[in-house]
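Student: Below: one structure in C-alpha cells.
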Amino acid sequence: MPLSTSSNFARPDDAFRAVVEAHRGLSEAESADLDAALVLVLANHIGDIEVLKEAIALAKRRMLDASQQQQQQQQ
Amino acid sequence: MAQSKVQFGYRRHPDQDRPGGAPAGHAVVVVGAGPVGLSLAIDLAQRGHKVVLLDDADRIGEGSRAICFSKRSLEFWDRLGVGDRMVEKGVVWSVGKIFHGASQLYQFNLLPEQGHKRPAFINLQQFYAEAYLVDRVQHLPDIDLRWRNKVSALDRRNDHVALTIETPEGPYTLHAQYVIACDGARSSLRQMVGAEFSGQVFEDQFLIADVKMTAAFPTERWFWFDPPFHAGRSALLHKQPDDVWRIDLQLHPDADPLVEKKPENVAPRIARMLGHEQFDFEWISLYKFQCRRMDRFVHGRVIFAGDSAHQVSPFGARGANSGLEDAENIAWKLDRVLRGTSPETLLETYHTERSAAADENIRESTRSTDFMAPTTEQEARLRRAVLSLAKETEFGKRMVNGGRLSVPSVYDTPLSTPDADVWRGGPRPGTSMPDAPVADHTGNPMFLTEAFIRKGTRFTLLTFGNGKSIDAPEGVGTIKVGGDDGMIDAAGFAGQRYDADGGATYLLRPDGYVAARFREPSRPAIEAALARACGLS
C-alpha cells in the first residue's frame with residue numbers, strides 16, 4: 001500500500017488545528033519532545049515500513065525544497 | 001583476579017628441523033586457538049583432515065570476555081562432542097528483563113517453545129569454553145596444536161601459502177594449501193594480506209566488571225536504562241558459573257579509563273547497584289568498541305573467520321557466536337574442496353553467506369549501541385520518547401533496544417534451491433534446521449539435532465513418512481520421521497516445525513542448514529539440489 005497523499009480527513013482544518021493546539025504553551029524543547037513521541041505513535045499505527053519510508057522521503061523533500069528556496073531568495 | 005585455567009608449553013616440532021631446510025607442507029593451517037580456531041580445527045579433524053593449529057600465546061586467555069553462547073553455537077559444539085560439557089558448566093538462561101529507572105519495562109523469553117535439546121543461551125566464561133575445546137583437541141591426533149608459534153610473515157603463492165613462524169627457538173617456515181586466520185580483532189594476518197578493516201567507532205566507554213558474590217538474583221539478563229544506581233547511563237547484569245556476575249556499565253565518553261578502571265573507583269558503583277559490598281573483583285576491563293568488517297573474507301588461500309573478519313559491539317552476543325557460525329560454515333566447504341569433491345569456488349560462498357551475516361550482526365549491534373548511547377540531541381529525544389511510551393504501550397516496549405540477541409542468519413545463497421512447492425511454514429532454504437523432540441523406532445527419546453549427528457553431520461535428507469519416500473543419493477544420510485519404520489514424532493513438534501502435513505523432504509547441508517525442500521521429492525530434483533549445494537552447478 002503506497003503512502004496516501006490525497007486528503008483523508010473530512011475536516012482537514014480540525015486535524016491541523018489539533019496538532020497546533022497540542023503544541024500551545026510548550027517550549028521549543030517540549031514541542032520537540034511531543035513531536036518525537038507523536039511521530040512514533042503514528043508510525044506504529046501505520047505499521048508499514050514502506051509507507052513510513054515514503055512519508056520520511058516526502059517530508060525530507062519538503063526540507064530540501066525549502067532550503068533551495070532560501071538559497072534562491074538569497075541570490 | 002581470575003587466573004588462566006590452563007597453561008601449555010612450547011614444544012619443538014620436527015617441522016623446525018627439516019633436512020635441508022625444505023619447509024613442511026600441510027593441507028590446512030589454522031592460526032589462532034581461540035573458540036573459533038579451536039572449533040574449526042575440531043570440525044576439520046572430525047571430517048578426516050590433518051590440521052596444524054598455531055597460537056602465539058602459551059595459555060588460554062584471561063578474563064571472562066565472551067560469556068553468552070547461543071543455542072546455535074551449542075548445537076555446533078554438540079557436533080564437535082563438547083556441547084554437554086559446556087552446558088553442564090554453563091548457566092542456562094532464556095529470559096531477559098529491561099528496566100527504566102527503578103521499574104521494569106518488559107521482559108522477553110528467547111526460547112518460549114518446548115522441545116529443543118539446547119536452551120536459548122548459556123553463560124560461560126570464554127576460558128572454560130576454550131579449555132574444553134583444548135581438551136577435545138587433545139583427543140584428536142589429527143590436530144597438531146603448537147603454542148608460542150607466531151606467524152610473522154605470509155607469502156601467497158599460486159598453489160600454496162608460505163608462512164614464516166616465530167618460536168622461542170627461532171623461526172621456521174611452513175607451506176599450507178589453505179590458511180584460516182582466526183587470530184582475532186587485531187589480526188596480524190589481516191595486515192599481512194593488506195586488507196582494510198573499516199567501520200564505525202563508538203565514543204562511549206563501557207566498564208566490564210566480573211564480580212564474585214553469592215546472590216539470589218535469578219539467572220536472567222537484566223538491562224537498565226538510567227538506573228537509580230547509575231544515573232543517566234545504562235547497566236547490564238548477567239550471571240556466570242562459579243557465582244561470578246558480569247556487570248557492564250556505560251561510562252561518560254570523557255571518562256578517564258585509567259581512573260575508572262581502579263578497583264577503588266569501580267567498587268562504589270557496584271555497591272550502589274547491588275546494595276551491598278560483599279563482592280570481590282574477578283576481572284575489570286574498560287572498552288570502547290567498533291563495528292567493522294573486512295570487504296572480503298576470502299583472500300585466495302587465506303580465509304578469515306571470527307573477529308579477524310568482523311567485529312561488533314558486545315550487546316547481543318554476536319561476536320563469539322558469529323565466529324563459531326563462520327567456523328561451521330567454512331569447515332564443510334573446505335572439507336569438500338580438499339577432497340576434490342567440490343570446486344574451489346565453493347569457498348566463495350563462505351564469503352557470500354558469512355559476510356551477509358556479518359552485515360546483519362553489525363546492523364543489529366550498531367542499532368543497539370546507538371539506542372544505548374544516542375549521539376545527537378534528537379536521537380536522545382526519540383529514545384526518551386520510546387522509553388516513556390514503553391511504560392504504557394506494547395509497541396513502545398518492543399522498540400526499546402537493550403541488545404537484540406544473536407539468532408542464526410538466514411542465508412540468501414546460490415547454494416539454496418528456491419522453493420517450487422507451497423509452504424505455510426517450516427524452515428525455508430538457507431535457514432538453520434529447527435530442533436524437535438522425537439524418538440527412535442524403539443522408543444528411545446532423542447532430538448532431531450542428535451539424529452543429524454548420528455547420520456554423520458553430512459548432507460542428510462530429513463523426510464516425513466506421510467509423504468513420498470525416496471532413496472538418498474550416495475553419501476547422503478536419511479532421517480525418516482513417521483511411517484512404519486521412521487522416528488516417532490509423538491508430540492507432533494517435528495511435523496509442525498517442518499510444515500510436514502502435506503509430506504515433506506528437506507535436504508540438510510553438513511552445517512545443518514536447509515539447502516532445499518520438496519513436497520513430492522524426485523530423485524533428479526534431489527540430485528540437482530545436492531549438486532547445487534555442493535557448488536557443482
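The values are calculated or read from the model by the stated rules, or taken from the named source; none is laboratory data. Keep in mind it's a predicted model, so treat the numbers as computed, not measured. Because the Cβ atoms are built from the backbone with ideal geometry, glycine has one as well, and the counts that use them run over all protein chains shown.
Student: So, restricting to strands (runs of 3 or more DSSP E) that lie completely within segment B:190-276, which ones have at least 2 residues that are of a type in the set (D, E, K, R) and under 25 Å from B:Glu62 (Cβ atoms)?
Tutor: Of the strands (runs of 3 or more DSSP E) lying wholly inside segment B:190-276, those with at least 2 residues that are of a type in the set (D, E, K, R) and under 25 Å from B:Glu62 (Cβ atoms) span B:205-212, B:244-251.
Student: Collect the residues in segment B:389-398 that are assigned to a helix (DSSP H, G or I) and more than 7 Å from every other protein chain (Cβ to nearest Cβ), keeping them in residue-number order.
Tutor: Listed by number, the residues that qualify are B:Ala390, B:Glu394, B:Gly396, B:Lys397, B:Arg398.
Student: Identify, from the list B:Arg79, B:Arg148, B:Arg72, B:Arg157, the residue that is charged (D, E, K, R), within 18 Å of B:Gly319 (Cα to Cα) and outside the structural domain of B:Leu207 (by TED's automatic domain parsing). Before the answer, list the steps.
Tutor: Working: B:Arg79 fails: within 18 Å of B:Gly319 (Cα to Cα); B:Arg148 fails: within 18 Å of B:Gly319 (Cα to Cα); B:Arg157 fails: within 18 Å of B:Gly319 (Cα to Cα).
So the residue among B:Arg79, B:Arg148, B:Arg72, B:Arg157 that is charged (D, E, K, R), within 18 Å of B:Gly319 (Cα to Cα) and outside the structural domain of B:Leu207 (by TED's automatic domain parsing) is B:Arg72.
Student: Kindly indicate whether B:Ser406 is in a loop (DSSP other than H, G, I, E, B) and under 30 Å from B:Ile98 (Cβ atoms).
Tutor: yes
Student: From the list B:Ala525, B:Ala491, B:Ala516, pick out the single residue that is over 22 Å from B:His116 (Cβ atoms), surrounded by fewer than 19 Cβ atoms within 10 Å (Cβ to Cβ) and out of contact with any His (no Cβ under 7 Å at 6 or more places or on another chain).
Tutor: Only one candidate qualifies: B:Ala525.
Student: Evaluate segment B:432-446: report whether one residue or more is of a type in the set (A, V, I, L, M), in a loop (DSSP other than H, G, I, E, B), within 14 Å of chain A (Cβ to nearest Cβ) and touching a residue at least 12 places away in the same chain (Cβ under 8 Å).
Tutor: Looking for residues that are of a type in the set (A, V, I, L, M), in a loop (DSSP other than H, G, I, E, B), within 14 Å of chain A (Cβ to nearest Cβ) and touching a residue at least 12 places away in the same chain (Cβ under 8 Å), one finds none in segment B:432-446, hence no.
Student: Among the residues of segment B:35-62 satisfying the criterion of being acidic (Asp, Glu) and either free of Cβ contacts under 8 Å to residues at least 24 places away in the same chain or in contact with a helix residue (DSSP H, G or I) (Cβ under 9 Å, 6 or more places away or on another chain) (or both), which is farthest from B:Lys150 (Cα to Cα)?
Tutor: Ranking the candidates gives B:Asp43 first.
Student: Also: Count, please, the residues in segment B:289-325 that happen to be touching a residue at least 60 places away in the same chain (Cβ under 8 Å) and either part of a helix (DSSP H, G or I) or farther than 30 Å from B:Arg157 by Cα (or both).
Tutor: Count: 19.
Student: Can I ask one more? Look at A:Gly25 and say whether it is more than 14 Å from chain B (Cβ to nearest Cβ) and within 26 Å of B:Ala380 (Cβ to Cβ). First the steps, then the outcome.
Tutor: Numbers: more than 14 Å from chain B (Cβ to nearest Cβ): yes; within 26 Å of B:Ala380 (Cβ to Cβ): yes.
Here the answer is yes, as A:Gly25 does meet what is asked.
Student: Please identify the pairs in which a residue from segment B:268-287 that is over 8 Å from B:Val211 (Cβ atoms) has its Cβ atom under 6 Å from the Cβ atom of a residue that is among the β-branched types (Val, Ile, Thr) and part of a strand (DSSP E or B), counting only partners at least 6 apart or on another chain.
Tutor: B:Ser285/B:Ile208
Student: With the structure loaded, tell me whether B:Tyr498 is under 30 Å from B:Ala45 (Cα atoms), touching a residue at least 12 places away in the same chain (Cβ under 8 Å) and buried (at least 19 other Cβ atoms within 10 Å of the Cβ) or whether it fails that test.
Tutor: no
Student: Given B:Ile42, B:Ile60, which one is more than 27 Å from B:Val400 (Cβ to Cβ), modelled with pLDDT of 95 or more and not basic (Lys, Arg)? Don't jump to the end; show me each part of the working.
Tutor: Details: B:Ile60 fails: modelled with pLDDT of 95 or more.
Result: B:Ile42 is the single residue among B:Ile42, B:Ile60 that is more than 27 Å from B:Val400 (Cβ to Cβ), modelled with pLDDT of 95 or more and not basic (Lys, Arg).
Student: Here is a follow-up. Could you list, in sequence order, the residues of segment B:371-381 that are more than 14 Å from chain A (Cβ to nearest Cβ) and surrounded by fewer than 17 Cβ atoms within 10 Å (Cβ to Cβ)?
Tutor: Passing the criteria: only B:Thr375.
Student: Give the number of residues within segment B:51-63 that are closer than 24 Å to B:Arg79 by Cα and in contact with a strand residue (DSSP E or B) (Cβ under 6 Å, 6 or more places away or on another chain).
Tutor: The total comes to 4.
Student: Which pairs do you get when a residue that is without any contact (Cβ under 8 Å) to a residue 60 or more places away in the chain and assigned by TED's automatic domain parsing to the domain that holds B:Glu325, found in segment B:339-359, comes within reach of a residue that is surrounded by fewer than 16 Cβ atoms within 10 Å (Cβ to Cβ) and not aromatic (Phe, Trp, Tyr), reach meaning Cβ atoms under 8 angstrom, with the pair 6+ apart or on two chains?
Tutor: B:Ala356/B:Asp412
Student: Against the condition modelled with pLDDT under 95, within 29 Å of B:Thr341 (Cβ to Cβ) and over 26 Å from the mean Cα position of the chain (by Cα), how does B:Ser469 come out, does it pass?
Tutor: So B:Ser469 passes the test.
Student: Moving on to the next point. In this structure, does B:Arg363 turn out to be within 14 Å of another protein chain (Cβ to nearest Cβ) and out of contact with any Lys or Arg (no Cβ under 9 Å at 6 or more places or on another chain)?
Tutor: On the way: within 14 Å of another protein chain (Cβ to nearest Cβ): no; out of contact with any Lys or Arg (no Cβ under 9 Å at 6 or more places or on another chain): yes.
When the stated conditions are applied, B:Arg363 does not pass them.
Student: Which of the residues belonging to segment B:119-172 are of a type in the set (Gly, Ala, Ser) and either surrounded by 23 or more Cβ atoms within 10 Å (Cβ to Cβ) or closer than 30 Å to B:Pro434 by Cβ (or both)?
Tutor: B:Ala120, B:Ala129, listed by residue number.
Student: So which of B:Asp159, B:Asp226 is farther than 19 Å from B:Ser322 by Cβ, free of Cβ contacts under 8 Å to residues at least 60 places away in the same chain, touching a strand residue (DSSP E or B) at 6+ places or on another chain (Cβ under 8 Å) and not basic (Lys, Arg)?
Tutor: One residue alone meets the criteria, B:Asp159.
Student: If you don't mind, there's one more thing I want to ask. Look through segment B:93-135, keep the residues that are hydroxyl-bearing (Ser, Thr, Tyr) and within 30 Å of B:Glu392 (Cα to Cα), and return whichever of them is farthest from the chain's Cα centre (by Cα).
Tutor: Within segment B:93-135, the match that is farthest from the chain's Cα centre (by Cα) is B:Ser103.
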